[in-house]
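Report on one structure; see the data block that follows.
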Amino acid sequence: MKLWGGRFETGPSEVFERFSGSLHFDKRLLDADCRGSQAFARALQQVGIVTAEECATLVAAFEQIRLDATQPGFFEGAADEDVHTLVIRKLKDRVGALADKIHTGRSRNEQVSLDIRLWLREEIDSIVHQLALVMSSLVAMARNYPDALVPGYTHLRRAQAVLWPHYLLAYFEMFARDRERFLEARARVNVMPLGSGALAGSGFPFDRDAIAHDLGFASVTRNSMDVSADRDFALDFLYAASVTMLHLSRLAEDWILYSSDEFGWLELGDGVTSGSSLMPQKKNPDSLELIRGKSGRVFGDLSSLFVTLKGLPMTYNRDMQEDKEPLFDAAAQVTASLEMMEAVIRSTRLNPSRPAAAAEESWVVATDLAEALARAGVPFHQAHQLVGRLVLESVKQGKKPSNWTASALTAFAPEFTPGMSRLLNPAEGMKTRELPGGTGPAAVSDALDEAEARLRGWQP
Ligand code: ARG
C-alpha cells in the first residue's frame, strides 16, 4: 500500500523503494504513531470528518495495532515505505474503507515530528531516572569511604590532597547538570506539532490545544513551516546525550587508570571485567573502555544530524529522514552506558591505603605550607618560592614531607613556625579548605548531605 500514487503512471522502481524505505528503523516509532493517530481521530471527530462511532472504531483499532506490534512476526514481510504507511495499512485491514479518512488534513511531515517528540519524551524521562541512579551510586560509594584521602591531579601530576568523596561528588555535579540539560531539551520536545499540515497549516480547523492536552503536551507549536523544517529539539537531545557520554567517558578513563596495577586504588568487580584469551592473569576493564568508546559514537550522532540539516532549504526535505538513526543510536548508547556505569560503580571497591601512600610520599602538601606562610604574613609569592626550595632540597635528599621534623623545618627557613609542621600531613591541610565547594571534611560532609537531599527531591 502507498499513501500516494494517483499522479504516477508507473510505480516506484525496486531500487528506489529499497533505497528510500525507512520501515526497518522507524518501526520503533509505531507505538507513538498509533497514540498520535488516536488523538488525531478524536480531532477529526471534533471537526466533523468522522462520527463519534467511527472515531471509537478507529481508536480501538489503533489500540489493537499497538498490541499486535508487541507480538513476534508483526513486521515480517512488511514492504511499506515507512511506519506511518504500515500503520494505515494495518488500520485498513481492520476497519476497511474508514481507514481512508484518517489522513484527512494531516501530513506525514507533522506526523513524523509528533512521533519523534512522543518517543523522545519517554526516552528522556527514562534517561533522567537512570542519571539519578548513577548519582546515587556515587553517593553510596562516597558514604563507604568518608575519610579516604587521595592525591588530586592536574596535568596527571599529583597536585593537592582531596577526599575521595569530594572527587566522586565532582562527577555527581556533572551528571546533575546533564540531568538539567535533558530536562531543558524535554521542554522543547514537549510541544505539539499537529495542525501544521505539510507546511502551510491544516485546511481543517482543529482545536490544537485540545490535541496537545490529549497527548500530554505543554503547548502547541507556533508556526507550521517551522514544524516541517525543524529538528533542533532532536539536536538538543543529542547534545545532552553527548555531554553525558563525555562525562561518563572521563569517569571511565579515570577508573581505567585508578584500577591499573600502577595505581592500584580501585578493584573493579569481576562481573564488569573480562579476561584475556591468551594471558591468564588479565582482568581487563572492558566495560569502562566500551563506555569510553561509545562516547565517540554518540558525538558522531550529534554531528551527523548537524550536517544533515545544514543547508536544507525550507521546509521539509527527505534528507530529514536521516534524523532517526542517529537519535535511536544515541538514546540506546546513553541508556546502555548509564546502566553499565551504575553497575561498575556499585561493584567497585577502593583500597584507601594506596592513594593515601601516594599522597603521603609526594608533595601535595606544598600548597598548604605556602598558604600557612601567607597566613602568617609572608607575601604569597615569597612563600611559594620558599616552599619550592624546600621541595627541591627534599627531592635532592630523597626526603618526603613526613621526614621533616618541626625543628628541621624552622632551621630550613625562619619564616616557618613549629606549628606549621603539622601541615606536612596532607590530612591536616585539607582542614583549611572548609569553605563551600572545598574538600574540607566538614564541607564535604555537608555536600554529601545536600546531594542526598537533591536525590530525594527528584523521586517521583
Ligand atoms: N519517513 C519520512 C521521514 O522520516 C516521513 C515523512 C515523509 N514525508 C514525505 N514528504 N516524504 O521523514
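Return the residue satisfying two criteria in turn: it lies in segment 71-86 and is closer than 21 Å to Gly11 by Cβ and exposed (fewer than 15 other Cβ atoms within 10 Å of the Cβ), and of such residues it is nearest to the ligand (Cβ to nearest atom).
Going through segment 71-86, the residues closer than 21 Å to Gly11 by Cβ turn out to be 77-86.
If we keep only those that are exposed (fewer than 15 other Cβ atoms within 10 Å of the Cβ) too, we end up with 77, 79.
On the way: Gly77: 19, Ala79: 14 Å.
Only one residue fits best here, namely Ala79.
May I ask you to say which residue of Arg117, Arg89, Arg121 is within 14 Å of the ligand (Cβ to nearest atom), in contact (Cβ under 8 Å) with a residue 12 or more places away in the chain and of a type in the set (Lys, Arg)?
Going through Arg117, Arg89, Arg121 in turn, the sole match is Arg117.
Of the numbered conditions (1) surrounded by 14 or more Cβ atoms within 10 Å (Cβ to Cβ); (2) over 15 Å from the mean Cα position of the chain (by Cα); (3) in contact (Cβ under 8 Å) with a residue 60 or more places away in the chain, Leu290 fails exactly one; give the number of that condition.
For Leu290, the failing item is (3).
Among the candidates Ser228, Ser303, single out the residue that is more than 30 Å from Arg42 (Cβ to Cβ), part of a helix (DSSP H, G or I) and modelled with pLDDT of 95 or more.
Values: Ser228 fails: more than 30 Å from Arg42 (Cβ to Cβ).
Matching residue, one of Ser228, Ser303: Ser303.
Among the candidates Arg143, Arg158, which residue alone is modelled with pLDDT of 95 or more, charged (D, E, K, R), in contact with a strand residue (DSSP E or B) (Cβ under 8 Å, 6 or more places away or on another chain) and closer than 23 Å to Pro355 by Cα?
The unique qualifying residue is Arg158.
As an exercise: evaluate Gly264 against (1) touching a Lys or Arg at 6+ places or on another chain (Cβ under 7 Å); (2) surrounded by fewer than 22 Cβ atoms within 10 Å (Cβ to Cβ); (3) at negative phi and give the number of the one condition it does not meet.
Answer for Gly264: the failing condition is (3).
In segment 364-381, is there at least one residue being among the charged types (D, E, K, R), surrounded by 20 or more Cβ atoms within 10 Å (Cβ to Cβ) and closer than 20 Å to Ala159 by Cα?
Checking segment 364-381: at least one residue is among the charged types (D, E, K, R), surrounded by 20 or more Cβ atoms within 10 Å (Cβ to Cβ) and closer than 20 Å to Ala159 by Cα.
Can you tell me how many residues in segment 306-325 are within 14 Å of the ligand (Cβ to nearest atom) and either of a type in the set (Asp, Glu) or outside any loop (DSSP other than H, G, I, E, B) (or both)?
10
Conditions: (1) over 16 Å from the mean Cα position of the chain (by Cα); (2) in contact (Cβ under 8 Å) with a residue 40 or more places away in the chain. Arg157 meets all but one. Number of the miss?
Answer for Arg157: the failing condition is (2).
How many residues does segment 5-37 hold that are surrounded by 10 or more Cβ atoms within 10 Å (Cβ to Cβ) and either among the hydrophobic types (A, V, I, L, M, F, W, C) or in a loop (DSSP other than H, G, I, E, B) (or both)? Outline the logic, then answer.
Step one: list which residues in segment 5-37 are surrounded by 10 or more Cβ atoms within 10 Å (Cβ to Cβ), which gives 11-12, 16-18, 20-37.
Now restrict to residues that are either among the hydrophobic types (A, V, I, L, M, F, W, C) or in a loop (DSSP other than H, G, I, E, B) (or both): 11-12, 16, 21-23, 25, 29-30, 32, 34.
Adding up the residues that qualify gives 11.
Looking at the structure I just gave you, is Lys294 modelled with pLDDT under 95 and in contact with a Ser or Thr (Cβ under 6 Å, 6 or more places away or on another chain)?
Details: modelled with pLDDT under 95: no; in contact with a Ser or Thr (Cβ under 6 Å, 6 or more places away or on another chain): yes.
Against the criterion (modelled with pLDDT under 95 and in contact with a Ser or Thr (Cβ under 6 Å, 6 or more places away or on another chain)), Lys294 does not qualify.
The values are calculated or read from the model by the stated rules, or taken from the named source; none is laboratory data. Everything quoted here is computed from the prediction, not taken from an experiment. In this analysis, Cβ positions are derived from the backbone assuming ideal geometry, glycine residues included, and neighbour counts consider all displayed protein chains.
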